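Student: My questions will all concern the structure given below.
We did not get these values from a lab; they are worked out from the coordinates using the rules stated. Worth saying up front: this structure is predicted, and the values here are computed from it rather than measured. Cβ coordinates were reconstructed from backbone atoms using ideal geometry, including for glycine residues, and neighbour counts include every protein chain displayed.
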Amino acid sequence: MATTEDSIDGLTEDCPQCGRETLHSVSIQLRTESETGQNTACSREPYRVSECQVCHTRESQRMNNA
């Protein structure tokens with residue numbers, strides 16, 4: 001679970017690459033999921049993207065599937 005204790009510019013989260021809780025940069029991105037290019041304005045979905053500030057591993061999760 002993400003916490004904000006002892007962090008100024010991010011969240012501390014478990015990093016599977018580092019094997020411990022580390023500071024992460026977290027953002028929300030809108031991604032287009034249409035493969036054909038049709039209706040691209042309607043196919044955007046929000047994704048939560050977190051990047052470990054130690055090893056720079058990035059993980060993303062579709063918010064509608066959270």
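Student: Cβ under 11 Å from Met63's Cβ, Met63 left aside: what net charge do those residues give with Lys, Arg +1 and Asp, Glu -1? Walk me through the numbers on the way to the answer.
Tutor: Numbers: positive: Arg31, Arg48, Arg62; negative: Glu45.
Combined, the nearby Lys, Arg, Asp and Glu give +2.
Student: Taking every Cα atom in the stretch 14-66, find the radius of gyration and the maximum pairwise distance Dmax, and write them in Å.
Tutor: Rg then Dmax for the stretch 14-66, in Å: 13.9, 42.
Student: Out of residues 5 or more away from Glu21 or on other chains, whose amide H comes under 5 Å of its own, with H placed 1.01 Å from N in the peptide plane?
Tutor: Those qualifying (amide H under 5 Å, at least 5 residues apart or on another chain) are Cys15.
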